[in-house]
Amino acid sequence: MTTPFLQIQNIRKVYGDVVAVTDVTLDVAKGEFMTFLGPSGSGKSTTLYVLAGLQEPTAGDILLQGSTLLDTPSHKRNIGMVFQRYTLFPHLSVGENIAFPLRVRRRPKNEIDAAVRRVLKLVRLESFEDRMPAKMSGGQQQRVALARALAYDPPVLLMDEPLSALDKKLREEIQYEIRRIHQETGVTILYVTHDQEEALRLSDRIAVFSKGVIDQVGTGSELYADPATRFVAEFIGDSDFLEGKVEAVNGKHADIRVGDDLVIPAVPTHGAPTPGRGAAVMLRPERVSLSQTPNAASSLPVTVVDITFLGNNTHVLTETKARERLSVRLPFGHAAANGLRPGQSVWASWEPSDAQAFCA
Amino acid sequence: MTLAANASETRLEARRTRAASGLVYALPALILVFVFFVVPVVALLMRSVLEPTPGLGNYAELLGSSTYIRIFYNTFVVSAVVTVLSVTIGFPVAWMLAIMPARWSTLLFAVILLSMWTNLLTRTYAWMVLLQRTGVINKVLMGIGLIDQPLALVNNLTGVTIGMTYIMLPFVILPLRGVIKTIDPAVLQAASVCGATRWQCLTRVLIPLALPGAAAGALMVFVMSLGYFVTPALLGGTSNMMLAEMIAQFVQSLVNWGMGGAAAFVLLVVTLAIYAVQLRLFGAGRLGQGG
């Protein structure tokens, strides 16, 4: 087996009494677009700063092509980075900003000029070379920052929530730019975000961070279809949870009681199901259907609370007898949506294999 | 269209009215400046060209005599050296103040302010004690065997430079600290990740970004030094005078208001010229305009 391109091994970072990163291990392939997704304070940015050499890890190692990076100071790591805040040098023009990493490396002038032109073309800002950063929009500044980070052909590009200060429309526009640039350059990208949509749109694989550890690594559809933890299930896509108790265990499947009169049979489980212990059953809104009578293998009586027409689908918010919320998304034109009104009692049904249980 | 034009007209009108009412409030200060600054300066200028006989005789004498030129030269050299020294020494202090944890920077800041608020004469006399032939500095230097003979550190321009640098330091540190505080540390992190060594971060990013603050502080120090009286009078020697001492001598000892006025006016013109140059180079809003 060949050595992975970039290896993050058991990184731990402690500030005083605060554990920012508990234990993070991850392999990244060459040319991969890997996103660190998680809420603020989950350790994703700290891990990125450790990679950049701007933070010293308390323990662990970082290997690039098999050799450690930790002995190399940040300015010699040859890694590119785009920051959350605007970090262009305000006293330098766009062209001079991009030339900066090459000037400090004392490259010849013709090489610098060629590189500046090349990356300006890459981020489609050719005509902005002489502009000062203060005269540019936030989106343009971040594109210049991206160009500056790519000017010296770094093997790895780190991006720390580079679009979080931009409005939604602009953000989506630049997300596509980043995808295109990733495809054109083939650079390995580690991208930090707390926005699941952004992560899904950009990444080859996503590492979901929670409380200083990675809960799960996988492609977007893997994480959505088969979340390893309740946190991942909550973080990726919409989901509702019915709290219940394990009745019987059969391998990785369990019968789970979610009400006095309802046992959901043979639910795929995560964690160690133990009879008598608590378990939460997760349901995705688009996997649940509504009907006047119980009709699928698993059905639950619910009361309609609110109906919202959203164009291609109708979102129906319902409530179980235990006053738990259960969202249902019906595609446009679905028969169940006809004549539905708040206060009505209906049955929510789903296939047993579409539910998943997370054991406490 | 007309509506918009009207609206902007009204807004302009409102701004004018506001400016006018602002003028009313500023009036007492303006009257004070006029009566006690503009009038005396003009009077002094008049005397410099009228006494003892009308004409530019005083200026010709001032700029034609090697004694007086020497004094101008001393003043500019000392002021320049003091400016360079206080910016060089003040920069690291300002940087520290800007990046230290708030508790410590408040403390250090208080120490600097306290030294600034201590009576000027007291501080200058303290330097006399420190710098004299049998003073602490000479004793220590001789004690560790660095020198055999005590250095002449006082009653000359060396003493003046040392004393004035100390007194001027806060005037550099305060504006520099203000400017450095506005620099986002992430910009320096970006420079480091881009491959800049610590030295390159300093010379290519931090210093250029702090330059407006350094320029403001340097201007303040240079201009104040040009006309400084107390410290040169106490720490300086009789042979190497500075401009303010010379003016004082003309007016107090020689009762020659013509020459005193001419010297004062030359100082004023030079000061304004330096200010104009500084405004042109580092004036408000220049940063980021490009070109």
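FYI, it's all coordinate maths here, none of it is from the lab. Note that the structure is predicted; figures quoted are calculated from it, not measured. Cβ sites come from the backbone with ideal geometry, for glycine too, and all protein chains shown count toward neighbours.
Phi angles across the stretch A:156-162 convert, under the Karplus curve 6.51 cos²θ - 1.76 cosθ + 1.60 with θ = phi - 60°, into 3J(HN,Hα) values of 10, 10, 9, 10, 9, 6, x Hz, Gly and Pro given as x. Using the Cα coordinates of the stretch A:14-145, the gyration tensor eigenvalues translate into equivalent-ellipsoid semi-axes of 31, 18, 14 Å, sorted from longest to shortest. Shown here: the stretch B:133-183, whose C-alpha atoms stretch 48, 24, 12 Å along the first, second and third principal axes, sorted largest to smallest. Annotation for the stretch B:115-183 versus the stretch A:269-318: alpha-carbon center distance of 80 Å.
What is the gain in length, in nm to one decimal, between B:Val84 and B:Asn119 on full extension, counting 0.36 nm per residue of separation less the C-alpha to C-alpha distance?
Numbers: separation 35, 0.36 × 35 = 12.60 nm, distance 2.43 nm.
Answer, rounded to one decimal: 10.2 nm.
Across chain A, Cα pairs under 8 Å and at least six residues apart give a relative contact order of 15 percent.
May I ask for the longest run of chain B untouched by trypsin sites (Lys or Arg not before Pro) that are loop-located per DSSP and have at most 15 neighbouring C-beta atoms (other than their own) within 10 Å?
Details: sites that count: B:Arg133, B:Arg286.
Between the exposed loop sites, the longest stretch runs B:134-285.
Between the amide H of A:Val192 and those of A:Phe36, A:Met159, A:Asp160, A:Glu161, distances stay under 5 Å, these residues lying 5 or more places away or on another chain, with hydrogens modeled in the peptide plane.
Peptide A:85-93 shows a mean partner chain C-beta count of 6 within 10 Å per residue C-beta.
Size estimate for chain B follows the Kirkwood approach: the inverse of mean 1/r over distinct Cα pairs works out to 22.8 Å. The calculated pair-distance distribution of the stretch B:196-291 uses every alpha carbon pair, bins of 10 angstrom beginning at 0, and gives 14, 31, 25, 18, 11, 2, 0 percent. Using just its DSSP H runs of length 4 or more, each adding -39500 (n - 2.57), chain B gives a mean residue ellipticity at 222 nm of -24500 deg cm²/dmol after division by all residues. Highest mobility in the GNM of chain A, judged by mean-square fluctuation with C-alpha springs under 10 Å and restricted to A:Phe36, A:Phe89, A:Phe209, is found for A:Phe89.
In this structure, B:Tyr25 and B:Ala110 have a Cβ-Cβ separation that, at R0 = 35 Å, corresponds to a calculated FRET efficiency of about 0.60. Apply 1/(1 + (r/R0)^6) to the Cβ-Cβ distance of A:Arg287 and A:Val19, taking R0 = 41 Å, and write down the FRET efficiency to the nearest 0.05. That pair, A:Arg287 with A:Val19, gives E of 0.65. Among B:Thr118, B:Thr158, B:Thr75, the largest mean-square fluctuation in a Gaussian network model of chain B (Cα springs under 10 Å) belongs to B:Thr118. Each listed q (0.05, 0.08, 0.12 Å⁻¹) maps to a log10 I(q)/I(0) for the protein assembly as shown from the Debye sum over equal C-alpha point scatterers, namely -0.44, -0.86, -1.25. Computed from label points 7 Å out along Cα-Cβ, the spacing between A:Glu319 and A:Asn295 is 2.6 nm.
Going by a ≥ b ≥ c, the root eigenvalues of the Cα gyration tensor, does the stretch B:17-157 fall in the rounded group (a/c under 1.5), the prolate group (a/b larger than b/c) or the oblate group?
Numbers: a/c = 2.83, a/b = 1.25, b/c = 2.26.
It is oblate, given that a/c is not under 1.5 and a/b is not larger than b/c.
Taken along the Cα-to-beta-carbon direction at a fixed 7 Å, the label points for A:Lys109 and A:Thr3 span 4.0 nm.
The B:Arg16 and B:Val230 beta-carbon pair, evaluated with R₀ = 45 Å, returns a calculated FRET efficiency of approximately 0.50. Extension gain for B:Leu268 to B:Arg133 (0.36 nm times residue separation, less C-alpha to C-alpha distance): 45.0 nm.
For the stretch A:238-359, place one equal point scatterer on every Cα, skip the solvent, and apply the Debye formula. What is log10 of I(q)/I(0) at q = 0.11 Å⁻¹? Debye output, listed in q order: -0.35. For the options A:Ala272, A:Ala99, A:Ala280, a Gaussian network treatment of chain A with springs between C-alpha atoms closer than 10 Å singles out A:Ala272 as fluctuating the most. Rounded to the nearest whole Hz, the Karplus-based 3J(HN,Hα) values (6.51 cos²θ - 1.76 cosθ + 1.60, θ = phi - 60°) of the stretch B:132-138 follow the sequence 5, 4, 9, x, 4, 5, 4, with x at glycine and proline. Taking amide hydrogens as placed 1.01 Å from N in the peptide plane, the amide H of A:Gln344 sits under 5 Å from those of A:Val304, each at least 5 positions away in sequence or on another chain.
Under 5 Å between amide hydrogens, built in the peptide plane, is the criterion, and for A:Ala248 it picks out A:Asp255 among residues at least 5 positions away or on other chains. Residue by residue, the stretch A:181-195 carries 3J(HN,Hα) couplings of 5, 4, 5, 6, 9, x, 6, 6, 10, 10, 10, 9, 7, 10, 9 Hz when phi is fed to the Karplus relation 6.51 cos²θ - 1.76 cosθ + 1.60 (θ = phi - 60°); x denotes Gly or Pro. P(r) tail, the stretch A:6-234: Cα-Cα pairs separated by more than 22 Å, 52% of all pairs.
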